[in-house]
Amino acid sequence: MTDTGTPTDLETRRRRIRFRAWHRGIKENDLILGSFADAHIDDLSEADLDAFDELMEAPDQDVYSWISQTKPVPDQYVTNLMTRLQSHTVPARTRLER
């Protein structure tokens, strides 16, 4: 069978998540989530993709507060993905603090 170039469901899902990550309501989340998606979307497990989808439904200010660790993360969002997102922002914060 020849490859028709048709994307798989997983590829389509990853592209959709990447697009949504760059098109949030506030620019800060666009930068954090979008750059994270660009760097890691192909490495995320199905569980991480599920967590990313769920996170996209949360209010922008809450997402930003959880990732920046200024508010506690609710249990439903305490995931491997959240830990990775929080780590993704640490180098940027460290550079800004110098």
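Quick notes on this one:
- Kirkwood-type radius of segment 9-97, with distances r between different C-alpha atoms, in Å: 13.1
- Extension gain (nm, one decimal) between THR70 and SER45, 0.36 nm per residue minus Cα-Cα: 6.3 nm
Each value in this text was obtained by applying a stated rule to the coordinates, not by laboratory testing. Predicted model only: the values in this text are computed from it and were never measured.
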